[in-house]
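Beneath this line is the structure, given in structure tokens, with notes to follow.
The values are calculated or read from the model by the stated rules, or taken from the named source; none is laboratory data. Keep in mind the model is a prediction, meaning the values are calculated, not measured. Reconstructed Cβ throughout: ideal geometry from the backbone, glycine too, with neighbour counts over all protein chains shown. Ligands, DNA and RNA are stripped out before the accessible areas are found, and what is left, the full protein with its side chains, is counted by its heavy atoms. Shrake-Rupley method; radii C 1.70, N 1.55, O 1.52, S 1.80 Å.
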Amino acid sequence: MRYGVAQCAAQLYGAKLFNEAEGLPQPQYYGAATTGEVWRFLQLKQNELILDTHRYSIFNLSELLGVLQFIVTDN
């Protein structure tokens, strides 16, 4: 999971740089790293990377879907 979080962080930063180069900056970017059963969520806001310390499980689907709904609604 650790490597997935690092890869996600790099992809979020890459998306930020790409969008800025295209003249389409966004206020924040969201991402997730998952093992398939456990999910971790990240947010890149300006140059601050925020890692949600909670680990979300597919066995608590309502909580996991709630986070995904927040991300979709927030953007």
Completion exercise
To the nearest 0.05, the calculated FRET efficiency linking L61 and M1 through their beta-carbon distance, R0 being 22 Å, is 0.70
Problem - Accessible surface, per residue, of the chain when the full set of protein chains is kept, probe 1.4 Å, Å² - result: 70 Å²
Fill in the blank from the handout: Q11 and I50 label points (each 7 Å along its Cα→Cβ direction) are spaced in nm at 2.1 nm
Practice task
Leaving ligands, DNA and RNA out of it, work out the accessible area of L17 with a 1.4 Å probe and give it in Å² to the nearest 10.
Solution key: 80 Å²
Handout entry: Reference-scaled alpha-carbon Rg (2.2 N^0.38 Å with N residues) for the chain
Key = 1.13
Exercise for the section: Quote the relative contact order of the chain in percent (integer), defining contacts as alpha-carbon pairs under 8 Å separated by 6+ residues. Expected result: 23 percent
Completion exercise
Computed, not fitted: 222 nm per-residue ellipticity of the chain from DSSP H runs ≥ 4 (each -39500 (n - 2.57)), nearest 500, equal to -15000 deg cm²/dmol
Exercise for the section: Loop only per DSSP, at most 14 neighbouring Cβ atoms within 10 Å: give me the GluC sites (Glu not before Pro) in the stretch 28-65, ordered by residue number. Expected result: E37
Completion exercise
Carbon/sulfur accessible area of the chain, % of total, 1.4 Å probe, equals 57 percent
